[in-house]
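Inspection log for the structure reproduced underneath, given as structure tokens.
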Amino acid sequence: MEYIPGLNGVPAAESKLCFIDGNKGVLEYRGYAIETLAEHSTFEETAYLLIKGRLPNKDELSRFKDDLRHHRRLKFKIVDVLKLLPEHGHPMDATGATVAAMGMFYPAKNVEDPEQRYKSTIRLIAKLPTLVAAFARIRKGDEPITPRDDLDHAANFLYMLSDRVPDATASRILDVCMILHAEHAMNASTFSARITGSTLAGPYGVISAAISALAGPLHGGASEAALLLLRQLSSPDRARMWAEENMRNQQIIPGFGHRVYKVKDPRATILQRLATQLVEKTGRSAVYDTAIELERVVTHALGAKGVFPNVDFFNGVIYDRLGIPVDLFSSMFAMSRVVGWLAHWNEQVAKNHLLRPTQIYQGDREKKWVPIADRL
Ligand SMILES: CC(C)(COP(=O)(O)OP(=O)(O)OC[C@H]1O[C@@H](n2cnc3c(N)ncnc32)[C@H](O)[C@@H]1OP(=O)(O)O)[C@@H](O)C(=O)NCCC(=O)NCCS
């Protein structure tokens with residue numbers, strides 16, 4: 001039996017959700033190119049597509065958006081959970097812990113019933129932005145802001161975060177960022193969701209497991225690391241010197257490289273365009289100029305190895321410009337990717353087979369017991 005490190009290239013499921021060709025830079029959700037969705041769709045419509053398997057008609061989309069709007073609010077006891085968490089803790093830990101605690105408020109009745117699964121799916125997609133925005137305010141000593149039913153999903157999140165209704169550009173840019181982060185096949189967090197779901201565990205446990213996996217610096221945590229680096233360098237010249245030194249020492253650069261893409265991540269191309277659009281509207285920034293130079297230097301040196309910017313690189317530049325605190329980036333990734341996780345959970349449970357891989361044992365066998373007094 002051959003061991004494949006990182007399970008690289010080993011299929012863990014059959015899925016109709018997401019197609020990726022990492023050598024050609026192709027990404028499709030349910031057969032639709034990511035570029036098409038970024039141009040024409042909204043986060044809510046893309047969520048419907050991923051969860052239900054096809055694009056909604058006008059009435060279906062309107063009902064789906066109503067369902068989401070009606071479940072945005074948090075029970076006061078869930079807000080109390082957030083209030084009890086230490087304000088200096090990482091928001092991603094607050095997000096995961098509170099989602100796990102939500103399982104106490106909405107006990108899973110029968111995860112094999114599609115109706116029950118739909119209810120949990122709506123609740124989780126709708127409530128995550130409220131939860132993330134609420135913790136961001138509570139930790140500063142401010143009261144959480146009640147969601148507004150007249151705002152779409154992305155605009156409502158920005159409103160709950162800042163207490164100001166965002167302009168159309170900011171709302172649309174976040175909406176597109178959320179489309180780009182909604183799904184990405186069998187990555188580590190999705191695999192965690194599918195493994196947990198395959199035990200028929202409840203949806204809040206499934207999503208908190210996925211959130212824990214997403215938090216790591218090799219996965220969703222890279223966006224935060226990339227922005228902190230850009231801020232620290234804060235000049236194209238310093239970026240060039242730092243990258244050259246780093247690459248000489250074979251250090252990993254956050255926001256670059258991908259297990260699947262060996263060309264530029266198509267999401268990074270769209271995000272770069274959005275970052276440029278935002279900077280043209282709001283004025284140049286050292287972070288943006290540094291990012292452009294870092295991409296040029298790293299791609300020139302490592303492009304031949306297949307190392308290009310990934311989704312986390314320009315994403316941070318955009319969120320920074322939208323005034324979002326850097327330690328919220330991973331939680332914002334989670335509030336988009338929750339759609340993909342739940343689509344995978346639905347797919348897994350609808351045709352379930354407990355995930356139980358094997359291992360290649362490399363330890364000792366049949367050893368003789370030595371009483372403790374005789375051990376060296
Ligand atoms: C995501 C990641 C873990 C993928 O790793 P992987 O599939 O194991 O890629 P590999 O290790 O096979 O990379 C191939 C080569 O490119 C190099 N490389 C990959 N990512 C790199 C990076 N970010 N900076 C510098 N070199 C990198 C590797 O060192 C390796 O070099 P080698 O062939 O000389 O040993 C890796 O690219 C990484 O750590 N990136 C930074 C974290 C990040 O942005 N994560 C978010 C991913 S969406």
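No value in this document is a laboratory result; all are computed from the given coordinates. The structure displayed is predicted, hence computed values, not measured ones. All Cβ positions, glycine included, derive from the backbone under ideal geometry; neighbour counts span all protein chains shown.
What to note about this one:
- Across the chain, the longest piece that holds none of the GluC sites (Glu not before Pro) lying in DSSP loops with up to 16 other C-beta atoms within 10 Å covers 113-365.
- Gain upon complete extension [Asp237, Phe105; 0.36 nm per residue less C-alpha separation]: 42.3 nm
- Among Ser120, Ser331, Ser198, the ranking by other beta carbons within 10 Å of each residue's beta carbon, starting with the fewest, stands as Ser198, Ser120, Ser331.
- Taking other C-beta atoms within 10 angstrom as a stand-in for reagent exposure, Val311, Val26, Val81, Val338 fall in the order Val26, Val81, Val311, Val338, fewest first.
- Evaluated at q = 0.11, 0.17, 0.18, 0.19 Å⁻¹: base-10 log I(q)/I(0), Debye formula over Cα of region 222-321: -0.28, -0.67, -0.76, -0.85
- Per-residue ellipticity at 222 nm from helix content only, as computed over the chain with -39500 (n - 2.57) for each DSSP H run of at least four residues, stands at -18500 deg cm²/dmol.
- Across region 223-376, the relative contact order, built from alpha-carbon pairs under 8 Å that are at least six residues apart, equals 31 percent.
- Simple Cβ-charge dipole of region 222-321, Lys/Arg +1 and Asp/Glu -1, about Cα centre, in debye nearest 20: 240 debye
- Region 201-243-region 270-285 distance, computed between alpha-carbon centres (Å): 20 Å
- Inter-label distance, nm, simple model (7 Å from Cα along the C-beta direction), Tyr118/Asp149: 2.1 nm
- If you take all other residues with their beta carbon under 11 Å from the beta carbon of Asp67, and give Lys and Arg +1 and Asp and Glu -1, the sum is +3.
- Listing Arg273, Arg137, Arg356 from fewest to most neighbouring C-beta atoms within 10 Å gives Arg356, Arg273, Arg137.
- For region 85-206, the relative contact order is 30 percent, taking Cα pairs closer than 8 Å that sit 6 or more residues apart in sequence and dividing their mean separation by the residue count.
- Look at the alpha carbon pairs under 8 Å that are at least 6 residues apart: their mean separation over the length of region 31-149 gives a relative contact order of 30 percent.
- For the chain, the Stokes-Einstein estimate of translational diffusion at 4 °C and a viscosity of 1.567 mPa s comes to 59 µm²/s, using the Kirkwood hydrodynamic radius over alpha-carbon pairs.
- Hydrodynamic radius of region 280-346 per Kirkwood, over alpha carbon pairs, in Å: 14.0 Å
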